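Below is one structure, written out as structure tokens; the observations come after it.
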Amino acid sequence: MRLGRLAGLSALVALIAGGTKVKAGDPIDWTKVGRALSTWFALAVSVALFKPLGFVISFALLTYFIVAVMYRRSLKTAALVAVASAAGFYLVFDRALSVPLPVGILGF
Amino acid sequence: MEILAGLLNGFAVALEPANLFWCFVGVLLGTVVGILPGLGPPATIAMLLPLTFNMNPAGAIIMLAGIYYGAKYGGSTTSILMNVPGESASVVTCLDGYQMAKKGRAGPALGIAAFGSFIAGTFSVVMIMLLSPPLAAAALRFGPPEIFTLLLLGFTMITYLGSGSRLKAVAMALVGMFLGTIGLDPVTGVGRYTFDTATLSDGVGLVPMIMGLFGVSEVLLNVEAGITQEVFQTRIGSLLPTRADWKDSAGPIARGSLLGFVLGILPGVGAIIPTFVSYALEKRLSRTPERFGRGAIEGVAGPESANNAATGGSMIPLLTLGIAPNVVMAVLLGAFLVHGVQPGPLMLREHPDLFWGVVASMYVGNIMLLILNLPLIGLWVQILRMPYGVLFPLILLVCVVGVYGVSENVWDIVIMLGFGVAGYLLRKTGYEPAPLVLAFVLGRLAEESIRQSLLLSRGRLGILMERPIAAAFLVATAAVILLPLVLPRLQALLARAAAESPDA
């Protein structure tokens with residue numbers, strides 16, 4: 001227990017010390033950070049949807065979001081990519097390689 | 001003789017059709033991953049780990065190792081054609097490689113990178129073969145004090161791992177060490193920071209951590225930039241370097257191979273530092289240093305050889321001591337354990353087929369890579385034009401499947417998400433995740449070995465100084481800490497002395 005606390009505390013000190021050395025020069029581009037964080041949030045939401053929707057559908061939704069919203073492709077392209085990659089994944093991982101995928105109420 | 005017999009046995013394993021196929025898959029994937037900026041070997045190997053569960057151990061390790069050394073071949077292609085490192089160890093190659101491409105000499109640059117990689121890669125496999133058996137024999141006599149002091153040396157090297165601030169690297173290493181203490185106490189079995197949850201009582205998983213820090217955060221960094229893909233529009237032309245190119249490159253390739261291999265063995269060094277050292281060395285040795293940065297072929301040949309040799313060198317601590325000297329080896333260590341093999345001094349005796357099979361597969365893999373990277377270069381250039389919008393959801397998908405596949409525990413996906421956003425924010429503020437992961441892995445081993453040492457000595461720390469090998473590691477550790485403090489002053493002192501002496 002003590003060892004963990006020691007490592008945790010000294011990590012905190014060093015992190016703060018390192019943080020004070022961040023150069024003030026580079027302004028943070030909040031649009032960019034927003035893009036990254038909303039992608040992360042979308043991923044988190046799709047993981048949360050595993051239980052009700054299952055892996056295949058929630059990931060098709062994520063793909064659709066990234067391609068259509070983040071990369072501004074047409075909605076048709078996005079839908080196509082989403083369906084194709086989700087279906088491809090299901091076939092390769094679940095059927096061919098029998099890697100377990102999180103299952104939803106619909107059974108896939 | 002023993003080595004020869006082992007190697008023949010190894011080739012018998014490596015040339016089995018299934019293993020040959022997995023070797024090919026590994027080096028092919030490695031090349032692709034190396035070429036694509038933004039997806040590195042640690043995340044790829046971690047992602048593919050669950051796919052190997054149904055494979056035999058030899059095939060699995062052969063494939064995963066192939067990804068590692070294959071990525072070093074691919075990385076140079078992106079550096080030369082796009083001026084963006086496809087892989088972190090190819091940063092230096094951008095300097096002269098891209099300049100060569102701009103001058104219409106992309107072909108020879110790609111060619112010498114591939115040949116240099118092949119020569120260095122093969123050299124390092126020969127060295128692994130010659131050095132591993134005696135090292136493993138010596139390591140059999142290592143007890144917990146020797147292991148602990150060696151790990152201590154590794155910890156001090158970690159701070160040189162990053163290219164940025166040393167302090168930040170130390171901070172990351174300490175965070176990693178702290179995360180390593182989560183889980184059950186290795187001696188008493190008391191839960192530490194587990195909050196009485198089952199997921200954390202096994203500790204934080206290495207796979208979710210790596211996928212988050214290297215997979216998810218990498219995608220986030222790329223999404224934010226919305227990369228503008230600019231492939232250098234040029235006829236690549238003949239890939240074969242001219243006779244003059246070879247004459248210029250022979251020395252850098254030889255020195256880069258040796259340097260990369262020796263540095264690669266050291267824990268914490270990784271494959272990036274050897275490339276910088278090699279570049280600086282060639283520039284200093286050159287009679288025309290002003291050509292560097294303007295398309296000198298030596299500046300491609302040296303570093304590209306160094307990173308491939310370092311890749312081979314870093315296999316040695318894993319195969320003979322069971323210690324991971326860098327992040328990729330940490331993942332590979334995980335892969336060995338998943339397949340029920342403990343890498344280390346006993347592996348050579350208990351699983352000779354696996355050891356020699358992997359070594360022999362590296363000869364085969366290097367030949368495959370040479371063939372893949374030279375005639376097929378046009379294909380790889382096409383991959384660089386692939387739309388990233390399609391690629392990123394796929395990477396995220398594989399990360400999630402990979403994490404879930406290892407444990408079938410949804411909470412591990414949540415842990416990965418946490419590390420993903422943390423990795424992104426850390427990198428934005430200049431903290432690199434590699435020291436964290438390495439300290440996480442080494443920290444657990446170090447804790448175990450120091451506590452075993454203290455049990456042996458009944459609580460006396462003196463045991464670390466009394467055993468000669470352990471004491472030698474301690475001296476080396478002190479040297480690593482003190483040298484950077486002393487050296488600049490010594491140099492300044494010498495320079496002043498030289499300036500003051502009248503005849504200098």
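Provide the FRET efficiency to the nearest 0.05 for the A:SER10-A:PHE41 pair, computing r from the beta carbons and using R0 = 30 Å. List each step's numbers first, then the result.
Details: r = 32 Å, r/R0 = 1.08.
For A:SER10 and A:PHE41, the calculated efficiency is 0.40.
Answer with one residue from B:THR275, B:SER361, B:LEU333: the one whose Cα lies farthest towards the positive end of the charge dipole of chain B, charges on Cβ with Lys, Arg +1 and Asp, Glu -1.
Projecting each Cα onto the dipole axis, the largest value belongs to B:THR275.
If a/c stays under 1.5 just call it rounded; otherwise compare a/b with b/c (prolate if a/b is bigger, oblate if not). Do that for chain B, with a ≥ b ≥ c from the square roots of the Cα gyration tensor eigenvalues.
Working: a/c = 1.40, a/b = 1.18, b/c = 1.18.
The shape class here is rounded.
Count, for each residue of B:171-179, the Cβ atoms from other chains sitting within 10 Å of its Cβ, then give me the mean as a whole number. Working shown, then result.
Values: counts 10, 4, 3, 10, 7, 2, 7, 10, 4.
Mean partner shielding for this stretch: 6.
What percent of all Cα-Cα pairs in the range B:287-335 falls in each 10 Å bin, counting up from 0?
24, 33, 20, 18, 5
Using Cα centres only, tell me the gap between the range B:86-123 and the range B:16-63 in whole Å.
Computed from Cα coordinates, the inter-centre distance equals 23 Å.
Which residues' amide hydrogens lie under 5 Å from the amide hydrogen of B:GLY191, considering only partners 5 or more residues apart or on another chain, with H built in the peptide plane?
Long-range HN contacts for B:GLY191: B:ASP185.
With the crude spin-label approximation of a point 7 Å out along Cα→Cβ, what separation in nm comes out for B:ARG287 versus B:ALA250?
Placing both labels 7 Å along Cα→Cβ, they lie 1.5 nm apart.
Roughly how big is the protein assembly as shown's charge dipole about its Cα centre, with Cβ charges of +1 (Lys, Arg) and -1 (Asp, Glu), in debye to the nearest 20? Mind showing how you got there, number by number?
Details: 39 positive and 30 negative charges, 242 e Å.
Value, rounded to 20: 1160 debye.
In the protein assembly as shown, if every C-alpha pair distance is counted and binned at 20 Å from zero, what percent goes to each bin?
That works out to 19, 54, 25, 2, 0, in percent per bin.
State which stretch of chain B is the longest one without any exposed GluC sites (Glu not before Pro), exposure meaning a DSSP loop state and at most 16 other Cβ atoms within 10 Å.
On the way: sites that count: B:GLU230, B:GLU408.
Maximal segment without exposed cleavage sites: B:1-229.
Quote the charge dipole size of the range A:30-108 about the Cα centre in Debye, to the nearest 20; the model charges only the Cβ of Lys and Arg (+1) and of Asp and Glu (-1).
Working: 7 positive and 1 negative charges, 63 e Å.
So the magnitude is around 300 debye.
In the P(r) worked out for the range A:30-108, what percent of Cα pairs fall beyond 17 Å? Could you put the intermediate results ahead of the total?
Values: 1535 of 3081 pairs.
Taking all Cα-Cα pairs of the range A:30-108, the fraction more than 17 Å apart is 50 percent.
What nm distance separates the two modelled labels at A:VAL33 and B:LEU482, each placed 7 Å from Cα along Cα→Cβ?
4.4
By its C-alpha gyration tensor, with a ≥ b ≥ c as the square roots of the eigenvalues, how is the range B:74-142 shaped: rounded for a/c under 1.5, else prolate for a/b larger than b/c, else oblate? Numbers along the way, then the final one.
Values: a/c = 5.31, a/b = 2.75, b/c = 1.93.
Note, shape of the range B:74-142 comes out prolate.
Suppose every Lys and Arg Cβ carries +1 and every Asp and Glu Cβ carries -1, with no other charges. What dipole size does chain B come out with about its Cα centre, to the nearest 20 debye?
On the way: 28 positive and 27 negative charges, 231 e Å.
Its charge dipole is roughly 1120 debye.
May I ask you to derive the FRET efficiency for B:LEU456 and B:LEU337 from their Cβ-Cβ distance with R0 = 25 Å, giving the value to the nearest 0.05?
Values: r = 25 Å, r/R0 = 1.00.
E(calc), rounded to 0.05, equals 0.50.
When we measure straight from the Cα of A:LYS32, which aspartates and glutamates land under 13 angstrom away, once same-chain ones fewer than 8 places off are left out?
B:GLU224
Relative contact order for the range B:252-326 using alpha-carbon pairs under 8 Å, separation at least 6, rounded to a whole percent? Let's see the in-between values first.
Details: 131 pairs, mean separation 37.0, N = 75.
Computed over the range B:252-326, the figure is 49 percent.
What FRET efficiency do you get for B:ILE383 and B:LYS102 if R0 is 22 Å and r is their Cβ-Cβ distance, rounded to the nearest 0.05?
Numbers: r = 21 Å, r/R0 = 0.97.
Between B:ILE383 and B:LYS102 the formula returns 0.55.
Choose one of A:PHE50, B:GLY75, B:ALA244: the residue whose Cα lies farthest towards the positive end of the charge dipole of the protein assembly as shown (beta-carbon charges +1 Lys, Arg; -1 Asp, Glu; about the Cα centre).
B:ALA244
Taking trypsin sites (Lys or Arg not before Pro) that fall in a DSSP loop and have at most 10 other Cβ atoms within 10 Å as cut points, what is the longest piece of chain B between them?
Working: sites that count: B:ARG141, B:ARG235, B:ARG287, B:ARG385, B:ARG458.
The answer is B:1-140.
Under 27 Å from the Cα of B:LYS72, which lysines turn up, not counting those fewer than eight places away in the same chain?
Of all the lysines, those that pass the test against B:LYS72 - Cα under 27 Å, at least 8 places apart if same chain - are B:LYS102, B:LYS103, B:LYS168, B:LYS247, B:LYS283, B:LYS428.
None of the figures in this text is laboratory data; all of them are computed from the coordinates on show. Since the model is a prediction, treat every value here as computed from it, not as a measurement. Here Cβ is always computed from backbone atoms with ideal geometry, including for glycine, and neighbour counts include all displayed protein chains.
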